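Just so you know, all these numbers are worked out from the coordinates, no wet-lab data involved. The structure presented is a predicted model; accordingly, all values stated were derived computationally and were not measured. With ideal geometry, Cβ positions are generated from the backbone for all residues, glycine too; neighbour counts draw on all protein chains shown.
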Amino acid sequence: MGTATPKPSSTRQRASRDDDAETGVAIAHRGWLYPVVFTAGAAFMALEIVGSRVLAPFFGNSVFVWGSLIGVFLAALSTGYILGGRLSNRFATPTALGIVLTIASLLAGLVVLVATPIQQWVVTWGMGPRLNPLVASLLIFAPASVLMGMVSPYAVRLSARAIASVGATAGMLYGVSTVGSIVGTLGAAFWLIPSFGTNLNIAGIAFVLALTGLVPAIVARNRAVIAAAGTVSVVMLLLVFSTAGSRATFEVQAEDWSPVFREVGYDSGIEVTTAAEPLEQVDSRYHRISIVDQESTYATGDPRADDRDALRLMQFDNSWQSGANVTAGEVDPITTPYEFRYINGMELLHAYRPEGLERVLYIGVGSGALPMRHRAIDPDVHIDAVEIDPDVIELAERWFALDTDAMDIHVADGRTWLAASDDRYDAIVIDAYFADTIPAHMTTVEFLGDVADHLRTDGIVVANIIGAVEGENSKLFRSMYRTYGEVFAARAVHPVGTHQGLANFDPLATGKPGATEFQNIILLASNSTLAGYADVVARSEELVQARPVLDERMVDLARHRYDAPIRLDDVPVLTDDFAPVTALLEIGY
C-alpha cells in the first residue's frame, strides 16, 4: 500500500503562486532593475562621502575618520550582500525589494536626527581617537548601508532566467551598481557637498531611496507597499524642506571637542558659550566651516578683551582656525585676540629679520589675520597668500574684513602653487597646520626643499606647529623639527604656552613648566644664521616701541625661546614616502 504524498496547504499554495507571479513579472520586465541598482549604488557612496562631514565636527577629518568610514561601509556592503543573497532565495519578489529600499530610506533619514546625540555619547564615553569615529560610524551609518547592500543580490535573483545566464546577469547588474557608486562618489564630492548642507544632502539621499522603493512596489502592484513607500517618500520630502530651510545645519562645538585636545587633556583656559547662533555656516570642499560670535573670557584675564563685544571665531570642522575681536559692532582685523596670541609669535620673523621684508609668502590664509597685520606693520611689503579653499576667502572678506586688494591671493594647494612658482621670497610663513588635520604633504623633506629653493639667500621660513616641546606629546613637533633640520642650517623654537604661562622661562633648561604642555609652537628656520636669544629679545622690544601694531606679547614670546637640546633619535624624518603625522599626534605612538 503506497504512502500518500502530503499536499501543501492552500495558504502555502497561494503564497507560492503569488511569489511566482511577482517573480514572473520581474523576469518579464527586468529592465526596471537597472535604474534601481544604479540608484542604490549612487546613494550608498554619496552617503559615505557626506558621512565625513557628519563626523568632522566631533572627530575631525583625519585618516582615522576616513578609515572608519570606509571600513564600516565596506563591512555593511559585505553584510548586505550576504543577507540579500539569503533572503532573496526565500522571498524572491519585487515586493520584498521595495520593502528593503523603503526601510533603507527611513534609516538614512534618521541619520539627520540621531547623528549628533550618538556622537556626543561616543565622545563622553571616550574610547580614543581611533575607536571613537569607528564606533560612531558603525552606529550612525551601518543600518541603512546594510540594507542598500542587499539591493544588488536581490536584483540578481529577480532578474536571472536560468542557471546558465546567472553569471552574465550578475555581472551586468553589479556593473550598473558600481557605475552608480562612481556617480554618487563624484556627485557628492564635486557638487552636492559644496552646494548644499550636509543634513540636506542626507535628507535628499533618503528621499531618492524612498522613490526608488516605489518602483518594485509598483511593478508588483502591491498596494500596501506602494502606500508605505509613498508615505515614506512624503516624509523624506518634508525632511528635505525642513533641512533646506534650516539656517544652522550643524552644531558648533567648543575647542575641547577636538580629538587631539581631548586625548592630551589640553586646557586652553577659555570659557566659551557654544549656544550662540552661527552667523554663517558653509560645507566647503574641504571643511565644515562655522562663523560665530562668542562670549569668551580668558582665564588669566586680558584687559584688551574687556572692551570687546565678542570674540568672532572661524571654526574648521572641530578646531578653531582664526579669531578676531568685535568691538562696538565692528570686527577688528588687526588687533590680535589674546586667545590667538600665536599670531604674535609668528611675527617674530620681524625680530629675526629687522632690516625689512620686501616680499613675503603666506601659505594658509584663514581669516587673514596674519597677512593683514603684516600689511599694517609694513605697508610697503608685497604679500602673496595661498589658500586652498575659496569659501574661506569669501567668509574672511565677509566676516573678518579681509582686504583682498592688500595682497595677491591665490586659490590653490600651497605645495602645488609653490612648485609652479618662480618667485623668491624674504620670508615664507606656513600657517596651514592645525590640531587634528595636518596636511602631510606640507611637512616633508621634499616640500621643505622646495620652500628653501624659493627663499632668498638670507630668507626665513616660519611655521605654526601644534604639539609639545618635551614629553609624551612632543613626537610630532620633534619629528618636524628634525625634518626642518635636514633642509635648513639654523632653527629657532618659541613655545607660545597655554594659559598657565611660561613664567621665568630659561631657554637652556629642560623640564621647565609649560614645555610639556600641548600648545602652539613657532618654528623658524633659515639657511643663513639666526640671531641669538638676547638679540631677538632686544629687537622685539625695539620693534614694539617703533611699530604700534605690535605689542608686548611679541616680547614675551621672544623670551620664551627654547634653546635646550631637542631629542631626535626616536622620531622619523618626514618624507613623501613616510609622513605619519596623524599617528605622531597620538599619545603612545
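In table form, for the structure just shown:
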{"read-out": "Rounded to whole Hz, the Karplus (6.51, -1.76, 1.60) HN-Hα couplings of region 530-538, x for glycine and proline", "value": "10, 4, x, 4, 4, 5, 5, 5, 4"}
{"read-out": "Region 179-235 versus region 395-434: alpha-carbon centroid distance in Å", "value": "40"}
{"read-out": "37 °C / 0.692 mPa s Stokes-Einstein diffusion coefficient of region 339-585, Kirkwood radius on C-alpha pairs, µm²/s", "value": "181"}
{"read-out": "Rounded to whole Hz, the Karplus (6.51, -1.76, 1.60) HN-Hα couplings of region 326-332, x for glycine and proline", "value": "10, 10, 6, x, 10, 6, 10"}
{"read-out": "Relative packing of 393-402, 476-485, which averages over residues the other C-beta atoms within 10 Å, highest first", "value": "476-485, 393-402"}
{"read-out": "Proximal charge balance of L147 [Cβ under 15 Å; K/R count +1, D/E count -1]", "value": "0"}
{"read-out": "Region 77-175, relative contact order in percent, only Cα pairs under 8 angstrom and at least six apart counted", "value": "48"}
{"read-out": "Amide hydrogen neighbours beyond the local backbone of A310, cut-off 5 Å, H modeled", "value": "V326"}
{"read-out": "Total charge dipole magnitude, region 339-585, about the Cα centre, Cβ charges on Lys, Arg, Asp, Glu only, Debye to nearest 20", "value": "760"}
{"read-out": "Spread of Cα-to-Cα distances over 10 Å intervals beginning at zero, given as percent, for region 13-244", "value": "8, 33, 34, 18, 6, 1"}
{"read-out": "Region 339-585, relative contact order [Cα under 8 Å, separation at least 6], %", "value": "23"}
{"read-out": "Peptides ranked, highest mean first, by Cβ atoms within 10 Å: ranges 123-129, 342-348", "value": "342-348, 123-129"}
